[in-house]
Structures are given as C-alpha cells and as structure tokens.
Amino acid sequence: MTSSTDPPADGIRMDARVIPVPASLSVEAQARLPAAVIGGVPANAAQALPDPADHDAWRALRVQVDAAYRKALLTQEAGEAEITTISVDRATVHVARPANLVHHDAVYLDLHGGAFVFGGGEVCRAAAGAAAAQHGLCCHGVDYRMPPEHPFPAALDDSLAAYRRAIAEVGSGRMVIGGRSAGGNLALATVLRARDEGLPPPAGLVLLSPEVDLTESGDSFRTNRGLDVNLHGSLMRANLLYAGDADLTHPYLSPLFGRLAADFPPTFIQTGTRDLMLSNAVRLHRALREAGAPAELHVFEAMPHGGFGVTPRGSGAVARDRRLRRPQTGARGMSAASPRPARPGTARHSLTGPNQKDYQ
C-alpha cells in the first residue's frame, strides 16, 4: 500500500521549495531574475494562452503583446541603420543596412521569435535594424505571415522565399541564418527544406533558445516549468494554432526530428540552465554531433528562455561576453568577424506587466 506522500511509480515527487538566485551570476543577472517574480511566482504566469480554436482571442492577445514589445524596444540600444521594406513572393522582408557596415557582401537572415504569433510588423522591422548595427552587416528581417490568419506552412514558405533571395544576392557561403525561440525553429526548418529543394546550405546557423520540438517531449519542459521567468509553461496551444491540421512531429514543424548529416552547416546553439527549452538545445546539439556536423552548444548559468534582458554597456558581464563570443574559427566561407549570436544579456522582446506573458 502507498500513501499520498509516496512518489509516483513513474516519476519523482519533489517537495515544495524556493529556488534562490545563484551567487554565481553577474550582478546584472542577479538583479534581473527577481525583478521578473511577484510573490515567488514569475509575473508572466498570470495569463493563459487562448484555445487554438478561439481566433478572436488570439488576435486580441497579439495586440496586447505587440504593444508591450514596442514599449520594450524603447529600452533597447538601437544602432543607426537604413531600413527598406520589400516584398519577396508573399513575404515581407525588412532589409537593414547599418551605418557601421563592415561586411559589404554578407547577409544575416533573421527570423523573429514570438511563438509564431507575435513580434511581427514594427517590432520585426526595428529588430532587423538593431541586428544590422550589432553585427555590422546587412540584416534581412523576415516579417513572416502568422496564424491565426496564416497557419503552417505560410511562415516557412516566407522564410524560404527570403532565403532564396539572400543567396541569390550574396551566395550561400556569405549568408548566416538565425533566430530566437520560434525563430530558431524556422531557421532550422528553412535549412532542412532548402536542402530538400536542392538549395545550397548557408555559411552558418545561429539558434538562440530554439523551439525545435513542438511536441514538447524534452525533460526540461517539466523540470524547468515554473522556474523559467520568461516562459513559465507550455506553448502547446500556440504550437497547435501554428500547425493547423499538420502533425507536430513533421520535421518542418519540429526540425529536431529532421534528417541531419555531416554536411550540415556549422551551428551555434545558445540556451540556459533555467530555459524551459533547454532540452531542445541539448538534444539538437547531440543529434548534430552524432551526425558528424560541426556544432557548438553554450549553456549559460541560470539563464531563462531567450536571455536575461538588457545588460548595461560597460558592465563586467558585457566585457566577459565579448571575450566569449569571439569565434575561434569562421563558418564556411565567412571570416572570424562574421555574424555572431546575441549576448546573453542582450535585450529581447519582453513583457513586463504582472498580467503579461513573454512569448519570445
């Protein structure tokens, strides 16, 4: 006979406990984590995602979330960049050229995060300008179509169209594709689909807290639930909204399950020990290495999904990160000063109100 205090037969019962902010973090990161918590619970846990069938509720939530994204942009360091918006097939692409252009013949193709539903429009355009200034090269920010109006494969179709244009402009060996969270999903899925359609691979791939398994089968979706201050719980409702009638295990929806090979482009993967999607990054890195593909995995101490937020200029954290992110070798055809991932403290599109949720 078992009592109510016995652990379940198929798992481990954990006692209620408080997880402190580790002293091993930078001063800036130690301040960021408790700032996102109210009464011992992440502030963004207050609002649940709508039912996938309630499209009006999703549209209303998008207005709220994108307004918070725009507000967050005001706190970010935005370098000077000339931005032109163009149409590529049915996709909208914001082409940003920075004033500090270093790489005249290279492109960074940026796919924004936001659970496939948020972060488009003005936010995507501004993010393209910021990325261009940070990397010193032309950035193509793909303002892909999103559900509920445009479910899968619309976003992937737009990403592939932008990819085709970029490699036509500078060649695949002078282009890096990347994204954060849902954008990381689209970046990896774009490379898989490009290969399937006979297109050459990019010079490199940058995946930040990538949402590459929409089935949410990884261990960290349980172990880090409630611990991640940026992404408190499951995004399954958003995943189902995005997928429509398609199977979540399809490699174009969950590219973690795609066919990887030794000729896959060099891949940089970034996550944190408190990232709800930590398992995505760990499993993808292992799969790439087992396939013989070049891949780096960087796991930052106590970092939640998408990063810590804004790190002030001149801080020790920024100086340490500049040393860390200095590449040892360039990606295929790219110099060592090629596009680099955002630092763990880089500003992301965060929601700050107690009734708002970070869907980055």
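Quote the charge dipole size of region 184-285 about the Cα centre in Debye, to the nearest 20; the model charges only the Cβ of Lys and Arg (+1) and of Asp and Glu (-1). All intermediate terms of the calculation are to be shown ahead of the outcome.
Values: 8 positive and 11 negative charges, 37 e Å.
Approximately 180 debye in magnitude.
Describe numerically, in nm with one decimal, the distance between label points set 7 Å from Cα along Cα→Cβ at THR215 and at ASP247.
Inter-label distance under the simple model: 1.0 nm.
Sorted by packing (mean other beta-carbon atoms within 10 Å per residue), highest first, where do 124-132, 14-22 land?
Highest mean packing first, the order is 124-132, 14-22.
If the viscosity is 0.890 mPa s and the temperature 25 °C, what Stokes-Einstein diffusion coefficient in µm²/s follows for region 174-313 when Rh is the Kirkwood radius over Cα pairs?
Details: Rh = 15.1 Å.
Roughly 163 µm²/s, to the nearest whole number.
Excluding ALA154 itself, what net charge comes from residues whose Cβ is under 14 Å from its Cβ, given Lys and Arg +1 and Asp and Glu -1?
Details: positive: ARG90, ARG145, ARG193; negative: ASP89, ASP143, GLU149, ASP157, ASP158, ASP245.
Once all neighbours under 14 Å are counted, the net charge is -3.
Just check region 131-205 against the gyration tensor rule for me: Cα atoms, a ≥ b ≥ c as the square roots of the eigenvalues, rounded for a/c under 1.5, and otherwise prolate or oblate depending on whether a/b exceeds b/c.
Numbers: a/c = 1.85, a/b = 1.26, b/c = 1.47.
Verdict is oblate for region 131-205.
Taking square-rooted eigenvalues a ≥ b ≥ c of the alpha carbon gyration tensor, is region 206-261 rounded, prolate or oblate, where a/c under 1.5 means rounded and, failing that, a/b exceeding b/c means prolate?
Working: a/c = 2.09, a/b = 1.37, b/c = 1.53.
Note, shape of region 206-261 comes out oblate.
Calculate the length of the line joining the C-alpha centroid of region 98-128 to that of region 241-268, in whole Å.
Value for the Cα centre distance between the two parts: 22 Å.
How large is ³J(HN,Hα), in whole Hz, for each residue of region 287-297 in order, when computed from phi with the Karplus curve 6.51 cos²θ - 1.76 cosθ + 1.60 and θ = phi - 60°, using x for Gly and Pro?
5, 5, 5, 5, 7, x, 8, x, 8, 10, 10
What list of ³J(HN,Hα) couplings, whole Hz, do you get for region 87-96 from phi and the Karplus terms 6.51, -1.76, 1.60, once you set θ to phi - 60° and write x for glycine and proline?
10, 10, 6, 9, 8, 9, 10, 9, 9, 10
Each reported figure results from applying straightforward, stated rules to the coordinates on display, with no laboratory input. A quick note: this is a predicted structure, and the numbers were derived from the prediction, not measured. All Cβ positions, glycine included, derive from the backbone under ideal geometry; neighbour counts span all protein chains shown.
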